[in-house]
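Single-structure report; data block below.
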Amino acid sequence: MEIEKFKQFRDKVYENVAKVIIGKEDKIDKIICAFICGGHVLLEDVPGLGKTKLSKALAKTLDCSFKRIQFTPDIMPSDLTGIYFYNQKLGEFEFRKGPLLSNFVLADEINRATPRTQSALLECMEERQITVEGNTVKLDSPFFVMATQNPVEQFGTFPLPEAQLDRFFMKLSLGYPDFSEEESMLDRFMFKDPLEELTAVVSFEEIKYVQEFYHEVHITREVKNYILNLVRATRENKYISLGGSPRASLNLMKGSQAFASICGRDYVLPEDVKELFIPILSHRIALKNEILSRSEKTEQILKEILNTVEVPLEKL
């Protein structure tokens, strides 16, 4: 494993995306980690913060085919997966691909679709395949889903079930830019959209390399136990009714390895685990009191867990 390749991959992706998205370096780094691990990202933000532009910028940067799906209550599973139709000219059935058969899929306002349609994403996000009329179709690699939902408007929405939420590698919020970042945005977008001139900066071979070899980043038994203790603490917390699943532990380990690699290290530190603990766990836990089930309260409880679970001493 050549660790410098991971750092170069990260730098090229971030520098290219930063031509469109100003600031948000820590959020972009986490999305890069999810992509390296083959995971998917849920963005929870109010409209107008650049979620769509970020998705398109990442897809162009990674030279991936891109499809945007606007979720609505009347959208059907077949609108995502595609359909078989009878071609009268050829006298046979043909498969018309749906938008899920792309490398990079933006599922916009995913919580506006019905549970039936949301469930169509379960198979593709976990198993990298779709089933249409009994026929299994393998998805292209890489395959990455970035879904968005608006935390403010709840009328006409269908909350994502726990099984669906657990398929997302992490949940993030871009948040509002600060004054200087928003000022730079006005200057940069005054005459043209830099997204139109964005080009790919990494090859498929580079993507394949980082996705295949990130797991070779060394992680000690002590750091693994630290991950287990953190996740188990969510199951034993008096305010939490549903704690992190074993998938959360696995994703936290994988994400920590990927995060260490893009930082130029071939070993995981407890700080890598801390950096990803909240993004990976926040959407996987449920609070006992529904009135308190807000993202701010969830993050507060997870921060308290980080402060109470003993951190192992550095040992390589």
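Given 5 Å bins starting at zero, what is the percent of C-alpha pairs of the stretch 148-242 in each, up to the one with the largest pair distance?
For the stretch 148-242, the pair-distance distribution reads 2, 7, 8, 10, 14, 15, 16, 14, 9, 4, 1.
Evaluate the relative contact order of the chain (contact order divided by residue number), counting alpha-carbon pairs under 8 angstrom at least 6 apart; express in whole percent.
23
Take THR117, THR136, THR52 and order them by how many other Cβ atoms sit within 10 Å, fewest up front.
Lowest count first: THR136, THR52, THR117.
Which of PHE191, TYR209, ILE219 sits closest to the plus end of the dipole of the stretch 182-221, meaning its Cα is farthest towards the positive end, when Lys and Arg get +1 and Asp and Glu get -1 on the C-beta?
ILE219
Mind checking the full-extension length gain between LEU165 and THR308? Use 0.36 nm per residue of separation minus the Cα-Cα distance, one decimal, nm.
Extending this stretch completely gives an extra 48.9 nm.
Show that you can apply the helix-only estimate: for the chain, add -39,500 (n - 2.57) for every DSSP H stretch of four or more residues, divide by all residues, and state [θ] at 222 nm to the nearest 500.
Helix-only estimate at 222 nm: -13500 deg cm²/dmol.
Among 7-18, 79-90, how do they line up by average Cβ neighbours within 10 Å per residue, starting with the highest?
Highest to lowest by the protection proxy: 7-18, 79-90.
Just to be sure I understand the model, the point goes 7 Å from the Cα along the line to the Cβ. What's the resulting PHE189 to LYS138 distance in nm?
It is 4.0 nm.
Please arrange MET146, MET1 by how many other C-beta atoms lie within 10 Å of their C-beta, fewest to most.
Sorted ascending by nearby Cβ count, the order is MET1, MET146.
With Cβ to Cβ distances under 14 Å as the rule, what net charge do the other residues near ASP193 carry (K, R +1; D, E -1)?
+3
Relative to the longest principal Cα axis of the chain, at what angle does helix 3-17 sit, 0 to 90 degrees, rounded to 10?
It is inclined by approximately 60 degrees.
How much net charge surrounds ASP166 when only other residues with a Cβ under 9 Å from its Cβ are counted (Lys, Arg +1; Asp, Glu -1)?
Around ASP166, the charge tally is +2.
Just to confirm the number: angle between the C-alpha axis of helix 51-61 and the first principal axis of the chain, 0 to 90 degrees, nearest 10?
In the chain, helix 51-61 runs at an angle near 80 degrees to the longest axis.
For each of LEU269, LEU252, count neighbouring Cβ atoms within 10 Å of the residue's Cβ, then give the residues from fewest to most.
In increasing order of surrounding Cβ atoms, one gets LEU269, LEU252.
Every number in this text was worked out from the coordinates using simple rules, so none of it is lab data. Everything numeric in this text was worked out from a predicted model, so none of it was measured. Methodologically, a virtual Cβ is constructed for each residue, glycine included, from the backbone with ideal geometry; neighbour enumeration extends over all protein chains shown.
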